[in-house]
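Contents: one structure, followed by commentary.
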Amino acid sequence: MIETTARPARRESAHFEIGYTRYLDPDGKLVAPLPPGLADPVRAIALYSALVRARSFDQKAVAMQRTGRLGTYASSLGQEAVAVGAASAMRPEDVFVPSFREHAGQLVRGVTPRELFLYWGGDERGNDFSGPREDLPNCVPIGSHAAHAAGVALAFRLRREPRAVVAIFGDGATSKGDVAEAFNFAGVWKLPVVFVISNNQWAISVPRRNQSAAETLAQKAIAAGIPGEQVDGNDVFAVHAAVAAALERARAGGGTSVIEAVTYRLGDHTTADDASRYRNDAEVKAHWQEEPIKRLEAYLVALGRWGKDDQERLLQETKAEIDAASAAYLATAPQALATIFDFTYANMPADLQRQKDGALASAATTPVKG
Ligand SMILES: Cc1ncc(C[n+]2csc(CCOP(=O)(O)OP(=O)(O)O)c2C)c(N)n1
Ligand SMILES: [Mg+2]
(Lines give C-alpha, C1' and ligand atoms only; values in the text may rest on other atoms or scores of the structure.)
(Ligands and ions follow the chains in the order given, each with its own letter.)
Protein backbone atom coordinates (compact mmCIF):
# COMPACT_ATOMS: atom_id res chain seq x y z
CA MET A 1 0.00 0.00 0.00
CA ILE A 2 1.34 3.42 -0.90
CA GLU A 3 0.89 6.02 1.76
CA THR A 4 0.80 9.62 0.70
CA THR A 5 0.09 12.90 2.37
CA ALA A 6 -0.01 14.75 -0.94
CA ARG A 7 -3.17 16.70 -1.74
CA PRO A 8 -4.50 17.45 -5.19
CA ALA A 9 -3.00 20.59 -6.65
CA ARG A 10 -5.32 23.48 -5.79
CA ARG A 11 -5.11 27.09 -6.73
CA GLU A 12 -7.43 29.99 -6.11
CA SER A 13 -9.84 30.35 -9.06
CA ALA A 14 -11.38 33.63 -8.08
CA HIS A 15 -11.09 36.20 -5.39
CA PHE A 16 -13.25 39.16 -4.55
CA GLU A 17 -13.78 41.75 -1.93
CA ILE A 18 -16.61 44.18 -1.35
CA GLY A 19 -15.70 47.70 -0.26
CA TYR A 20 -17.82 50.00 1.89
CA THR A 21 -17.62 53.77 1.47
CA ARG A 22 -18.71 56.53 3.79
CA TYR A 23 -17.73 60.20 3.84
CA LEU A 24 -20.11 61.61 6.44
CA ASP A 25 -20.60 59.82 9.75
CA PRO A 26 -23.87 59.89 11.72
CA ASP A 27 -22.65 62.94 13.69
CA GLY A 28 -22.05 64.90 10.51
CA LYS A 29 -18.26 64.62 10.63
CA LEU A 30 -16.25 63.94 7.51
CA VAL A 31 -14.32 60.68 7.81
CA ALA A 32 -12.70 61.00 4.35
CA PRO A 33 -12.00 63.92 2.02
CA LEU A 34 -14.95 64.62 -0.29
CA PRO A 35 -14.51 64.14 -4.03
CA PRO A 36 -14.29 67.35 -6.06
CA GLY A 37 -17.71 68.88 -6.61
CA LEU A 38 -19.23 67.61 -3.39
CA ALA A 39 -16.91 69.74 -1.28
CA ASP A 40 -18.70 72.84 -2.60
CA PRO A 41 -21.15 73.86 0.14
CA VAL A 42 -23.61 75.10 -2.50
CA ARG A 43 -23.81 71.53 -3.78
CA ALA A 44 -24.24 70.16 -0.28
CA ILE A 45 -27.05 72.65 0.41
CA ALA A 46 -28.81 71.55 -2.79
CA LEU A 47 -28.60 67.91 -1.70
CA TYR A 48 -29.80 68.81 1.79
CA SER A 49 -32.76 70.73 0.34
CA ALA A 50 -33.68 67.72 -1.83
CA LEU A 51 -33.67 65.45 1.22
CA VAL A 52 -35.87 67.84 3.19
CA ARG A 53 -38.25 68.26 0.25
CA ALA A 54 -38.63 64.48 -0.05
CA ARG A 55 -39.32 64.10 3.65
CA SER A 56 -41.93 66.87 3.53
CA PHE A 57 -43.59 65.13 0.61
CA ASP A 58 -43.66 61.84 2.53
CA GLN A 59 -45.16 63.50 5.62
CA LYS A 60 -47.89 65.15 3.58
CA ALA A 61 -48.62 61.98 1.60
CA VAL A 62 -49.03 59.89 4.76
CA ALA A 63 -51.31 62.56 6.26
CA MET A 64 -53.37 62.60 3.05
CA GLN A 65 -53.72 58.81 3.11
CA ARG A 66 -54.75 58.87 6.77
CA THR A 67 -57.49 61.35 5.94
CA GLY A 68 -58.80 59.34 3.00
CA ARG A 69 -57.44 61.56 0.24
CA LEU A 70 -54.71 59.28 -1.11
CA GLY A 71 -54.40 55.53 -1.72
CA THR A 72 -51.98 53.19 0.05
CA TYR A 73 -48.64 54.97 0.24
CA ALA A 74 -45.02 53.78 0.59
CA SER A 75 -42.97 56.31 2.51
CA SER A 76 -39.20 56.63 2.06
CA LEU A 77 -38.64 57.94 5.60
CA GLY A 78 -35.00 57.40 6.55
CA GLN A 79 -33.76 56.27 3.15
CA GLU A 80 -34.13 59.51 1.21
CA ALA A 81 -30.37 59.78 0.64
CA VAL A 82 -30.31 56.69 -1.58
CA ALA A 83 -32.63 58.07 -4.26
CA VAL A 84 -31.44 61.69 -3.91
CA GLY A 85 -27.78 60.62 -4.11
CA ALA A 86 -28.42 58.46 -7.17
CA ALA A 87 -30.69 60.85 -9.09
CA SER A 88 -28.46 63.86 -8.43
CA ALA A 89 -25.54 62.02 -10.05
CA MET A 90 -27.44 61.55 -13.32
CA ARG A 91 -27.55 63.71 -16.43
CA PRO A 92 -30.97 64.86 -17.62
CA GLU A 93 -30.81 62.57 -20.69
CA ASP A 94 -30.14 59.46 -18.59
CA VAL A 95 -33.08 57.29 -17.62
CA PHE A 96 -34.23 56.68 -14.04
CA VAL A 97 -35.94 53.36 -13.40
CA PRO A 98 -37.49 53.43 -9.94
CA SER A 99 -39.45 50.93 -7.91
CA PHE A 100 -42.18 52.49 -5.78
CA ARG A 101 -40.19 54.10 -2.95
CA GLU A 102 -37.98 56.42 -4.96
CA HIS A 103 -39.99 59.66 -5.03
CA ALA A 104 -37.03 61.45 -3.41
CA GLY A 105 -35.13 60.75 -6.63
CA GLN A 106 -38.08 61.37 -8.91
CA LEU A 107 -38.44 64.86 -7.40
CA VAL A 108 -34.76 65.53 -8.15
CA ARG A 109 -35.35 64.35 -11.73
CA GLY A 110 -38.15 66.88 -12.17
CA VAL A 111 -41.25 64.77 -11.54
CA THR A 112 -43.65 67.19 -9.86
CA PRO A 113 -45.19 66.62 -6.42
CA ARG A 114 -48.62 66.93 -8.05
CA GLU A 115 -47.79 64.06 -10.41
CA LEU A 116 -46.68 61.94 -7.46
CA PHE A 117 -49.91 62.69 -5.60
CA LEU A 118 -51.91 61.79 -8.72
CA TYR A 119 -50.13 58.44 -9.06
CA TRP A 120 -50.61 57.54 -5.39
CA GLY A 121 -54.20 58.68 -5.65
CA GLY A 122 -54.74 56.02 -8.31
CA ASP A 123 -54.57 58.29 -11.35
CA GLU A 124 -52.18 56.97 -14.02
CA ARG A 125 -51.69 60.49 -15.38
CA GLY A 126 -49.28 60.80 -12.45
CA ASN A 127 -46.92 58.46 -14.33
CA ASP A 128 -46.96 60.69 -17.42
CA PHE A 129 -44.14 62.89 -16.18
CA SER A 130 -44.03 66.42 -17.55
CA GLY A 131 -40.31 66.71 -16.71
CA PRO A 132 -38.23 63.57 -17.36
CA ARG A 133 -40.31 62.28 -20.28
CA GLU A 134 -38.30 59.09 -20.72
CA ASP A 135 -37.94 58.05 -17.09
CA LEU A 136 -39.84 54.85 -16.43
CA PRO A 137 -42.99 54.88 -14.31
CA ASN A 138 -43.20 53.55 -10.77
CA CYS A 139 -42.83 49.78 -10.68
CA VAL A 140 -44.74 47.86 -8.02
CA PRO A 141 -43.95 44.27 -9.11
CA ILE A 142 -40.79 43.58 -7.14
CA GLY A 143 -37.64 43.50 -9.26
CA SER A 144 -39.27 43.30 -12.68
CA HIS A 145 -37.92 46.72 -13.62
CA ALA A 146 -34.32 45.49 -13.31
CA ALA A 147 -34.84 43.71 -16.62
CA HIS A 148 -36.48 46.80 -18.12
CA ALA A 149 -33.44 48.84 -17.04
CA ALA A 150 -31.11 46.40 -18.82
CA GLY A 151 -33.34 46.67 -21.89
CA VAL A 152 -33.21 50.46 -21.91
CA ALA A 153 -29.42 50.29 -21.57
CA LEU A 154 -29.29 47.83 -24.47
CA ALA A 155 -31.27 50.32 -26.58
CA PHE A 156 -28.73 53.04 -25.78
CA ARG A 157 -25.95 50.69 -26.82
CA LEU A 158 -27.64 49.75 -30.10
CA ARG A 159 -28.44 53.37 -30.93
CA ARG A 160 -24.95 54.49 -29.91
CA GLU A 161 -26.40 57.08 -27.56
CA PRO A 162 -24.08 58.25 -24.77
CA ARG A 163 -26.74 57.77 -22.11
CA ALA A 164 -26.97 55.52 -19.08
CA VAL A 165 -29.62 54.04 -16.79
CA VAL A 166 -29.98 54.06 -13.02
CA ALA A 167 -32.35 51.48 -11.54
CA ILE A 168 -33.20 51.23 -7.84
CA PHE A 169 -34.77 48.29 -6.04
CA GLY A 170 -34.82 46.87 -2.54
CA ASP A 171 -33.00 44.17 -0.60
CA GLY A 172 -36.01 41.92 -1.09
CA ALA A 173 -35.85 42.35 -4.86
CA THR A 174 -32.34 40.87 -4.95
CA SER A 175 -33.90 37.47 -4.19
CA LYS A 176 -35.94 37.65 -7.37
CA GLY A 177 -34.93 35.85 -10.55
CA ASP A 178 -35.62 39.01 -12.52
CA VAL A 179 -32.76 40.79 -10.76
CA ALA A 180 -30.33 37.88 -11.21
CA GLU A 181 -31.25 37.71 -14.90
CA ALA A 182 -30.83 41.46 -15.33
CA PHE A 183 -27.40 41.37 -13.65
CA ASN A 184 -26.37 38.46 -15.83
CA PHE A 185 -27.54 40.00 -19.10
CA ALA A 186 -26.10 43.43 -18.34
CA GLY A 187 -22.80 41.85 -17.28
CA VAL A 188 -22.41 39.85 -20.49
CA TRP A 189 -23.17 42.81 -22.73
CA LYS A 190 -21.41 45.41 -20.55
CA LEU A 191 -24.53 47.55 -20.63
CA PRO A 192 -24.50 51.14 -19.37
CA VAL A 193 -26.67 50.56 -16.32
CA VAL A 194 -26.13 51.18 -12.61
CA PHE A 195 -28.17 48.94 -10.33
CA VAL A 196 -28.66 50.50 -6.90
CA ILE A 197 -29.87 48.19 -4.15
CA SER A 198 -31.65 50.23 -1.53
CA ASN A 199 -31.06 47.86 1.36
CA ASN A 200 -33.43 49.19 4.00
CA GLN A 201 -33.08 45.96 6.05
CA TRP A 202 -36.70 44.92 5.55
CA ALA A 203 -38.91 43.49 2.83
CA ILE A 204 -42.26 44.15 4.47
CA SER A 205 -41.79 41.88 7.55
CA VAL A 206 -38.85 39.84 6.23
CA PRO A 207 -35.58 41.01 7.81
CA ARG A 208 -32.37 41.24 5.82
CA ARG A 209 -30.90 38.18 7.60
CA ASN A 210 -33.71 36.03 6.20
CA GLN A 211 -33.41 37.50 2.73
CA SER A 212 -30.03 35.98 1.89
CA ALA A 213 -27.22 34.11 3.62
CA ALA A 214 -24.74 36.18 1.60
CA GLU A 215 -22.64 38.54 3.70
CA THR A 216 -23.45 41.44 1.40
CA LEU A 217 -26.04 41.89 -1.34
CA ALA A 218 -23.47 43.72 -3.46
CA GLN A 219 -21.55 40.47 -3.94
CA LYS A 220 -24.43 39.10 -6.00
CA ALA A 221 -22.93 41.25 -8.76
CA ILE A 222 -19.69 39.29 -8.68
CA ALA A 223 -21.34 36.13 -10.00
CA ALA A 224 -22.46 38.16 -13.01
CA GLY A 225 -18.98 39.57 -13.61
CA ILE A 226 -20.01 43.02 -12.46
CA PRO A 227 -18.20 45.08 -9.83
CA GLY A 228 -20.22 45.38 -6.65
CA GLU A 229 -19.70 47.66 -3.68
CA GLN A 230 -21.43 48.90 -0.57
CA VAL A 231 -21.90 52.48 0.49
CA ASP A 232 -23.42 54.10 3.54
CA GLY A 233 -26.90 54.71 2.16
CA ASN A 234 -27.58 57.38 4.79
CA ASP A 235 -24.64 59.41 3.53
CA VAL A 236 -25.88 61.25 0.45
CA PHE A 237 -22.28 62.08 -0.50
CA ALA A 238 -21.30 58.40 -0.55
CA VAL A 239 -24.28 57.40 -2.70
CA HIS A 240 -23.80 60.32 -5.08
CA ALA A 241 -20.06 59.71 -5.51
CA ALA A 242 -20.46 55.98 -6.12
CA VAL A 243 -23.26 56.42 -8.66
CA ALA A 244 -21.41 59.28 -10.40
CA ALA A 245 -18.29 57.11 -10.76
CA ALA A 246 -20.35 54.15 -12.00
CA LEU A 247 -22.13 56.35 -14.56
CA GLU A 248 -18.82 57.71 -15.79
CA ARG A 249 -17.54 54.16 -16.21
CA ALA A 250 -20.74 53.13 -17.98
CA ARG A 251 -20.50 56.03 -20.46
CA ALA A 252 -16.87 55.19 -21.17
CA GLY A 253 -17.90 51.66 -22.21
CA GLY A 254 -16.83 50.08 -18.92
CA GLY A 255 -20.19 48.45 -18.36
CA THR A 256 -22.51 47.77 -15.48
CA SER A 257 -22.15 48.41 -11.74
CA VAL A 258 -24.02 47.31 -8.65
CA ILE A 259 -24.09 49.58 -5.61
CA GLU A 260 -25.65 48.38 -2.37
CA ALA A 261 -26.70 51.40 -0.35
CA VAL A 262 -27.06 50.29 3.26
CA THR A 263 -29.86 52.20 4.90
CA TYR A 264 -32.90 51.62 7.13
CA ARG A 265 -36.65 51.90 6.65
CA LEU A 266 -37.70 54.05 9.61
CA GLY A 267 -41.40 53.92 8.75
CA ASP A 268 -43.95 51.20 8.12
CA HIS A 269 -43.64 49.30 4.84
CA THR A 270 -46.66 51.24 3.57
CA THR A 271 -49.65 52.92 5.15
CA ALA A 272 -51.31 49.47 5.04
CA ASP A 273 -48.65 48.04 7.38
CA ASP A 274 -47.96 48.19 11.11
CA ALA A 275 -44.25 47.46 11.56
CA SER A 276 -44.54 47.35 15.38
CA ARG A 277 -46.01 43.88 14.93
CA TYR A 278 -42.71 42.46 13.70
CA ARG A 279 -39.85 44.68 14.88
CA ASN A 280 -39.11 46.33 18.18
CA ASP A 281 -38.98 50.03 18.97
CA ALA A 282 -35.41 49.87 20.32
CA GLU A 283 -34.11 48.85 16.89
CA VAL A 284 -35.95 51.67 15.16
CA LYS A 285 -34.85 54.18 17.80
CA ALA A 286 -31.21 53.19 17.33
CA HIS A 287 -31.49 53.74 13.59
CA TRP A 288 -32.94 57.22 14.06
CA GLN A 289 -29.43 58.16 15.25
CA GLU A 290 -28.10 57.38 11.77
CA GLU A 291 -30.69 58.96 9.53
CA PRO A 292 -29.45 61.00 6.57
CA ILE A 293 -30.87 64.49 7.12
CA LYS A 294 -29.64 65.17 10.65
CA ARG A 295 -26.03 64.33 9.75
CA LEU A 296 -25.96 66.59 6.69
CA GLU A 297 -27.54 69.43 8.63
CA ALA A 298 -24.88 69.02 11.36
CA TYR A 299 -22.18 69.11 8.67
CA LEU A 300 -23.54 72.30 7.11
CA VAL A 301 -23.98 73.98 10.49
CA ALA A 302 -20.39 73.12 11.44
CA LEU A 303 -19.23 74.61 8.12
CA GLY A 304 -20.99 77.82 9.09
CA ARG A 305 -23.18 77.52 6.00
CA TRP A 306 -26.52 76.74 7.62
CA GLY A 307 -28.45 78.35 10.44
CA LYS A 308 -31.86 78.60 12.04
CA ASP A 309 -33.10 81.15 9.51
CA ASP A 310 -32.04 79.02 6.55
CA GLN A 311 -33.82 76.05 8.06
CA GLU A 312 -37.01 78.04 8.72
CA ARG A 313 -37.02 79.39 5.18
CA LEU A 314 -36.43 75.98 3.61
CA LEU A 315 -39.20 74.35 5.65
CA GLN A 316 -41.63 77.15 4.81
CA GLU A 317 -40.86 77.11 1.09
CA THR A 318 -41.09 73.33 0.95
CA LYS A 319 -44.37 73.24 2.85
CA ALA A 320 -45.86 75.89 0.58
CA GLU A 321 -44.82 73.93 -2.52
CA ILE A 322 -46.15 70.59 -1.25
CA ASP A 323 -49.40 72.10 0.04
CA ALA A 324 -50.01 73.79 -3.31
CA ALA A 325 -49.31 70.51 -5.13
CA SER A 326 -51.73 68.58 -2.93
CA ALA A 327 -54.41 71.22 -3.51
CA ALA A 328 -53.82 71.00 -7.27
CA TYR A 329 -54.09 67.20 -7.09
CA LEU A 330 -57.33 67.37 -5.12
CA ALA A 331 -58.73 69.87 -7.64
CA THR A 332 -57.93 67.59 -10.61
CA ALA A 333 -61.08 66.20 -12.18
CA PRO A 334 -61.06 62.40 -12.55
CA GLN A 335 -60.51 61.01 -16.01
CA ALA A 336 -63.52 60.00 -18.05
CA LEU A 337 -64.64 56.46 -17.25
CA ALA A 338 -64.19 55.37 -20.88
CA THR A 339 -60.41 55.86 -20.60
CA ILE A 340 -60.17 52.63 -18.58
CA PHE A 341 -61.05 50.78 -21.77
CA ASP A 342 -59.64 52.94 -24.51
CA PHE A 343 -55.90 52.46 -24.65
CA THR A 344 -55.06 48.76 -24.71
CA TYR A 345 -56.18 47.75 -28.20
CA ALA A 346 -56.05 49.58 -31.54
CA ASN A 347 -59.31 47.82 -32.43
CA MET A 348 -61.38 47.12 -29.37
CA PRO A 349 -62.47 43.45 -29.09
CA ALA A 350 -66.22 42.88 -28.88
CA ASP A 351 -66.20 41.61 -25.29
CA LEU A 352 -64.31 44.69 -24.08
CA GLN A 353 -66.71 46.91 -26.02
CA ARG A 354 -69.59 45.20 -24.20
CA GLN A 355 -67.91 45.85 -20.83
CA LYS A 356 -67.37 49.48 -21.77
CA ASP A 357 -70.99 49.94 -22.84
CA GLY A 358 -72.14 48.31 -19.61
CA ALA A 359 -69.89 50.47 -17.44
CA LEU A 360 -71.00 53.67 -19.17
CA ALA A 361 -74.66 52.70 -18.90
CA SER A 362 -74.33 51.89 -15.22
CA ALA A 363 -72.39 55.12 -14.53
CA ALA A 364 -75.15 57.09 -16.21
CA THR A 365 -77.68 55.75 -13.69
CA THR A 366 -75.44 55.56 -10.58
CA PRO A 367 -74.27 58.83 -9.08
CA VAL A 368 -70.46 58.82 -8.71
CA LYS A 369 -69.19 59.97 -5.32
CA GLY A 370 -67.05 63.07 -5.86
C1 LIG B 1 -43.59 40.25 -7.76
C2 LIG B 1 -44.10 40.75 -6.44
N3 LIG B 1 -44.20 39.90 -5.40
C4 LIG B 1 -44.65 40.35 -4.22
C5 LIG B 1 -45.03 41.66 -4.06
C6 LIG B 1 -45.53 42.16 -2.73
N7 LIG B 1 -44.53 43.04 -2.13
C8 LIG B 1 -44.67 44.38 -2.17
S9 LIG B 1 -43.37 45.17 -1.46
C10 LIG B 1 -42.61 43.71 -1.09
C11 LIG B 1 -41.29 43.70 -0.36
C12 LIG B 1 -40.21 44.37 -1.12
O13 LIG B 1 -39.06 44.47 -0.34
P14 LIG B 1 -37.80 45.23 -0.87
O15 LIG B 1 -37.44 44.72 -2.23
O16 LIG B 1 -36.77 45.12 0.18
O17 LIG B 1 -38.30 46.73 -1.07
P18 LIG B 1 -38.84 47.74 0.06
O19 LIG B 1 -40.31 47.56 0.15
O20 LIG B 1 -38.14 47.43 1.33
O21 LIG B 1 -38.50 49.10 -0.47
C22 LIG B 1 -43.37 42.63 -1.52
C23 LIG B 1 -42.99 41.21 -1.33
C24 LIG B 1 -44.93 42.51 -5.20
N25 LIG B 1 -45.24 43.81 -5.12
N26 LIG B 1 -44.45 42.04 -6.37
MG1 LIG C 1 -36.31 46.48 1.66
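The values are calculated or read from the model by the stated rules, or taken from the named source; none is laboratory data. This one's a predicted model, so the numbers in the text were calculated from it and none came from an experiment. Note that we place each Cβ from the backbone using ideal geometry, even for glycine, and neighbour counts take in every protein chain shown. Protein only, heavy atoms only, side chains kept; ligands, DNA and RNA dropped before computing areas. Shrake-Rupley method; radii C 1.70, N 1.55, O 1.52, S 1.80 Å.
Just a few scattered comments:
- Helix axis angle, 236-251 relative to the chain longest principal axis, alpha carbon, degrees: 80 degrees
- Degrees separating the helix 41-66 axis from the principal Cα axis of the chain, which is the longest one: 50 degrees
- The loop-placed chymotrypsin sites (Phe, Trp or Tyr not before Pro) in the stretch 1-89, going by DSSP, that have at most 12 neighbouring Cβ atoms within 10 Å of their Cβ come out as Phe16.
- Calculated [θ] (222 nm, deg cm²/dmol) that DSSP helices of n ≥ 4 give over the chain, each run adding -39,500 (n - 2.57): -13500 deg cm²/dmol
- Per residue value of the accessible surface for the chain (all protein chains in place, 1.4 Å probe), Å²: 50 Å²
- Charge dipole (the chain, unit charges on Cβ, about Cα centre) - positive-most of Pro292, Gln316, Ser175: Ser175
- The angle separating the long axis of helix 177-189 from the principal Cα axis of greatest extent in the chain is about 60 degrees.
- Exposed GluC sites (Glu not before Pro) absent: longest stretch of the chain, with sites in DSSP loops and at most 14 other Cβ within 10 Å deemed exposed: 216-370
- Taking the charge dipole of the chain about its Cα centre, with +1 at Lys and Arg Cβ atoms and -1 at Asp and Glu Cβ atoms, the residue from Leu107, Ala350, Gln201 reaching farthest to the positive side is Ala350.
- Fraction of accessible area attributable to carbon and sulfur, the chain (%, probe 1.4 Å): 54 percent
- Sparse-neighbourhood loop sites, trypsin sites (Lys or Arg not before Pro) in the stretch 308-370 - DSSP loop, at most 10 other Cβ within 10 angstrom: Lys369
- Nonlocal amide H pairs with Tyr23, under 5 Å, H built at 1.01 Å: Ala238
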